[in-house]
Amino acid sequence: MSEPQVIQIATVKAMLQRRLGVMVPVAVAAFLAAVLVAALLPNRYEAWTTLLVSPQTVSKKLVEPGVEESDLNNRLHLMTMQILSRGRLSKVIDDLRLYPEESQEMTREEVIELMRDDIRVEPVLPEMGQVRRREDLEINTFRLYYTSDSAETAAAVAQRLANDFIDEHIRERVETSTGTSEFIEAELERLATAIRAVEEQIAQVKGENAGRLPEDLAANQRLLERAVGDLRLAQRDLAIAESDAAFYRQQASTGGLDRLRGLGGPDTPYDRKQRLEIELGEARSRGFTDKHPDIIAYQQEIAELTAKIEASREESAEAQSTDPVAMNEAQRAELRAESARAEIARLQQQVADVEDRLAQTPAVAEQLGVLEREHEHLYASFQDFSNKRLEAGVAANMERRQKGEQFRVLETAFPPPEPSSPPRLLIVALGFMLSLGAGVAAGVLVELIDTSVHERREAQDAFGIPVLATIPKVTLEWDRIRQRRRRILAVGAGLGIVGITLVGAGAGYWMVNVAGKRPAQTGVDTGGAGQTAPTRG
């Protein structure tokens, strides 16, 4: 070991010897302060109860749960929020008469926040042991902790919170399932009303468009074909009747059928006019309008033939020769022609009506198609909600019978035998180490403040001259006696202070944790769990 080190260690040793009278009292005082703090801190007891999330007892293949399930983290968050809700904690504070002193000095919100700090909710995953399968991580077990200055109060509050949460959980699941059923019933009523309204619209459209409906299309087409055929026949009958009437009138005016046949050639104007009128009717039945060239040619030639026939009739009238038989035949032919004209007018109106119905059928079909598609959509939704109504009813019945997912008390809260805080041994141990440091720090501080010279090297450094000799401290017998007395007095005073401090610490502990202890609750109704939390008298 080198000389500087020996000198340095000796210097430190000398310093410790000189300042021992400062370091020891400071260290003892700091240690006693730590002991006093550890004794005066109030005991805090932490009680806990374990909740198990049990799955529904009915197979999910038979009945789907009425409330959606969530994973472990969501369950923990939901559970914590429900337990720490203001209404729940306020009711517990009033029922169990918690925080009486704090309630006099703090607002209700501050007291509730104080109680929230005393509550913890944690999953029991760290206590599962070695996980053999991945599914083991999904075990839904929670532990509810509550900390209080009374063991019985801690157990009672923890059990009360757990039971209240179980009751609230059951009530919420029943309300959710019932609310789902009510919503489905309301939707079914709304859909039924909408379906009836659409059906009324469909019936109204069909009533207003009778004969124009899509199902009438084939019948209207057949009716149009028959009407067109009958129209052709009627036009042919009209042409024949008009030709016969003209023929018989000419016969009557010329004096007989024989004379008319003798004067007429093989193709008389009457025959020609008859053929032209038949061809004109056939052309119109094929859809030719009056502007068609063939129709115009037919009409012109018929007009010319009619003029010729009228001229012949006037010539016959001048001859003052009549045939009664021919006149009768001419009248009958005119009656047939009049009847044919009426039939043609009726058939033309019928054709126009049928064509109008056929023209309106696509619009009616489109309107009905929109209504029928809406009806199909509403009916499909109605059927879907009808099935869901049955499922929701079964799910609600399952929840009312508590066959669904439930929270159960796996371990009932009990008063802890020992306080969970404060850690007095740890406080005392830390106080002991800090007191040693405080004593050394006090000695070093005094040494640094002290400007007196204690060693030869300090004298040389201070005055800048060499030291010729050092004279050791001379202690007389009287000095030794006086020092001994001082030590005895110091030790006695120290022991007295220590004793007083320890007695004060014990008295403080008794006053804080025994005499000042609040009366504990004697029990708590476990509600839905059907249990009573154990208490200590």
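Modelled label positions at Ala359 and Thr289, each set 7 Å beyond Cα in the direction of Cβ, lie 1.2 nm from each other. Here the spin labels are modelled as points 7 Å beyond Cα on the Cα-Cβ line, and at Phe183 and Leu434 they lie 5.7 nm apart. One decimal place: the segment Ala203-Ala303 gains 30.7 nm when fully extended, by the rule 0.36 nm per residue minus the C-alpha distance.
Once the C-beta distance of Ile296 and Arg373 is scaled by a Förster radius of 60 Å, the resulting FRET efficiency is 0.75 to the nearest 0.05. Modelled this way, with points 7 Å down the Cα-to-C-beta line, the labels at Glu411 and His77 are 2.7 nm from one another. Fewest neighbouring Cβ atoms within 10 Å first, the residues Met81, Met106, Met15 line up as Met81, Met106, Met15. Remark: the Glu101-Ile9 segment gains 27.4 nm on full extension, using 0.36 nm per residue and subtracting the alpha carbon distance.
Per-residue Cβ neighbour counts within 10 Å put Phe414, Phe165 in the sequence Phe414, Phe165, beginning with the fewest.
Length available on full extension from Lys91 to Arg272: 0.36 nm per residue minus the Cα-Cα distance, which gives 53.6 nm.
Coordinate-derived values only; no laboratory data. All values derive from a computational prediction rather than experimental measurement. Here the Cβ is made from the backbone with ideal geometry for all residues, glycine too, and neighbour counts use every protein chain on show.
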